[in-house]
Amino acid sequence: AQKATFDVVAQFDNAPASMLLDIPTVCTLSVRSRASIYRHFQAGELTPIKVGKSTRVRVDDLRRLIGGA
């Protein structure tokens, strides 16, 4: 059986709004550094979601940030 994969970078516009992205993916999609993403967390412009020890960001939040809405 082949596992279905979703390339969020290539298909960002079709990603579910509630999908969680890891920080390296957020950096790639937003063309921002890791430090910049953490500044957005501190400014309240992005909401960090903790999953175990890793930090994630909802697709919807990232769309709002990069769309300026």
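Note on region 39-55: among residues that are of a type in the set (G, A, S) and more than 13 Å from the chain's Cα centre (by Cα), the one that is farthest from G67 (Cα to Cα) is G52.
Of the listed requirements (1) modelled with pLDDT of 95 or more; (2) outside any loop (DSSP other than H, G, I, E, B); (3) open to solvent by 60 Å² or more (accessible area, probe 1.4 Å), T55 misses just one: (3). Scanning region 10-52 for residues that are open to solvent by 60 Å² or more (accessible area, probe 1.4 Å) and touching a Pro at 6+ places or on another chain (Cβ under 9 Å) yields R34, Y38.
The values are calculated or read from the model by the stated rules, or taken from the named source; none is laboratory data. This is a predicted model, so every value here is computed, not measured. Backbone-built Cβ (ideal geometry, glycine too); neighbour counts: all protein chains shown. Ligands, DNA and RNA are excluded from the accessible area calculation, which covers all protein heavy atoms including side chains. Shrake-Rupley method; radii C 1.70, N 1.55, O 1.52, S 1.80 Å.
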